[in-house]
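What follows draws every value from the coordinates through simple rules; no lab data is involved. Because the structure is predicted, anything quoted here is derived from the model rather than measured. All Cβ positions, even for glycine, are placed from backbone atoms using ideal geometry, and neighbour counts span all protein chains on display.
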Amino acid sequence: EEARLRAEEEARKKAEEEAKQKAAETSSSSSYTLPVGAEQYLGKYLTVSSISEQIIQAIRYISENPSEPRNVVILGQYGFGTTTIAEDFARSFHAMGICKTKTIAKIKAGALNRANISDAIGKLQGGCLVVENAGVISNEKLDEIYRIISNPDNDVVVIMTGQIETLSKIFKDNVVISSQFKHLIQVHRITDVDVLSIAKNH
């Protein structure tokens, strides 16, 4: 009986500690304001509770950890506007000084599978590559992207957009590249009301 009571007490204390820690993290994030450069482009999304915390955490982590990967994955249904959000991230990165140039190259994954991006990487130095419908990227092309973004000599940020089903499978099947994409924005959770709110903010 004593052992059971002791175990219950320990479990209760652990739950309380976890709740306090979570509350502290939430408070810390909610008190954080986006840098001016990011606010200009990403501020319109912050009234949407389902993604505001993810955006704040991504921008905060990237700005406070410049040596860590800056690549982003944006999950959303096809035609929703995930490419626009990706471009807003890219513009924010330049405005914050995270990216040295305004260069934003957009390419659909199907076209990327047929392209040799290694040859074009010089033109992208200091900028962003936005890959649309990234769930259909071939394994060979993923390996090429990994080699590019894991090489510190290549100053390129990659932002992938696509649907949760296909992108989740890609990262599950290619664990190595997952280490280069630590920032996830789950736009597929947005409701019609949220869309209206973003439009008004815009």
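Counting only DSSP H runs of at least 4 residues, each contributing -39500 (n - 2.57), and dividing by the residue count of the chain, the helix-based mean residue ellipticity at 222 nm comes to -17000 deg cm²/dmol.
Please state the shape class of the stretch 74-119: rounded when a/c is under 1.5, otherwise prolate if a/b exceeds b/c and oblate if not, all from the C-alpha gyration tensor. If you can, show how the numbers build up before the last one.
Numbers: a/c = 3.28, a/b = 1.17, b/c = 2.81.
It is oblate, given that a/c is not under 1.5 and a/b is not larger than b/c.
What the phi angles of the stretch 174-184 give under the Karplus curve with 6.51, -1.76 and 1.60, with θ = phi - 60°, is a coupling list of 10, 4, 4, 6, 4, 5, 9, 10, 8, 10, 10 Hz, glycine and proline written as x.
The alpha carbon gyration tensor of the stretch 112-162 gives principal lengths a ≥ b ≥ c with a/c of 1.5 or higher and a/b greater than b/c, which makes the shape prolate.
So what's the chain giving for Cα Rg divided by 2.2 N^0.38 Å, two decimals?
On the way: Rg = 19.4 Å, N = 202, 2.2 N^0.38 = 16.5 Å.
Ratio of Rg to 2.2 N^0.38 Å for the chain: 1.17.
In terms of distances greater than 18 angstrom between alpha carbons, the cross-link table entries LYS141/LYS172; LYS108/LYS182; LYS44/LYS200; LYS141/LYS169 yield LYS108/LYS182.
Which trypsin sites (Lys or Arg not before Pro) in the stretch 28-121 sit in a loop by DSSP (not H, G, I, E or B) and have at most 10 other Cβ atoms within 10 Å of their own Cβ? Before the final figure, lay out the partial values.
Working: sites: LYS44, ARG60, ARG70, ARG91, LYS100, LYS102, LYS106, LYS108, ARG114; in loops: ARG70, LYS100, LYS102, ARG114.
Answer by residue number: ARG114.
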